[in-house]
């Protein structure tokens, strides 16, 4: 294993927060949209996030690096997002229109702008931190937790 220090279980727990926030937000959106394709895509994204949490837990508790769990996120997440986009594109136009109208009004729009800023910061982290860097993971997951909490709030305010 390449890291100098192990991930602690605390980091894995913090890593679970964005997955939970995103999962709840997409369940709410899936119910409003009534799109099975959107819901399947969201489920794949949540599974990918849980896989990364499990990866960190295994490193923390057993010093075992299951590289597939650490790498799967970059493959499953895009598949999930594509399915979510297809679900949006093929669902009831009126439901999508209502969601979009709500998304550009306060307070939702402020929450979504904060989410977007967080995602941009996550891209920066992905390019500058090694995935085994504990300090980098703390920074990245703190940003991700705040960004996904903002996303959840934005969805709830719709």
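Worth a mention:
- Criterion: more than 24 Å from residue 10 (Cβ to Cβ) and part of a helix (DSSP H, G or I) - qualifying residue of 76, 68: 76
Condition check ((1) modelled with pLDDT under 95; (2) under 21 Å from residue 42 (Cα atoms); (3) in contact with a strand residue (DSSP E or B) (Cβ under 8 Å, 6 or more places away or on another chain)) across all residues:
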{"position": "118", "(1), (2), (3)": "no, yes, no"}
{"position": "121", "(1), (2), (3)": "no, no, no"}
{"position": "131", "(1), (2), (3)": "yes, no, no"}
{"position": "135", "(1), (2), (3)": "yes, no, no"}
{"position": "143", "(1), (2), (3)": "no, yes, no"}
{"position": "157", "(1), (2), (3)": "no, yes, no"}
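- Residue check, residue 28 under 18 Å from the mean Cα position of the chain (by Cα), at pLDDT 90 or above, surrounded by fewer than 16 Cβ atoms within 10 Å (Cβ to Cβ) and under 25 Å from residue 150 (Cβ atoms): yes
- Some residue of region 14-25 being at pLDDT 95 or above, outside any helix (DSSP H, G or I), buried (at least 21 other Cβ atoms within 10 Å of the Cβ) and at negative phi: no
- Any hit, region 39-62, residues being buried (at least 18 other Cβ atoms within 10 Å of the Cβ), touching a residue at least 60 places away in the same chain (Cβ under 8 Å) and closer than 30 Å to residue 102 by Cβ: no
- Residue count, region 127-146 (criterion: in a loop (DSSP other than H, G, I, E, B) and over 26 Å from residue 111 (Cβ atoms)): 4
The values are calculated or read from the model by the stated rules, or taken from the named source; none is laboratory data. Everything numeric in this text was worked out from a predicted model, so none of it was measured. Cβ coordinates were reconstructed from backbone atoms using ideal geometry, including for glycine residues, and neighbour counts include every protein chain displayed.
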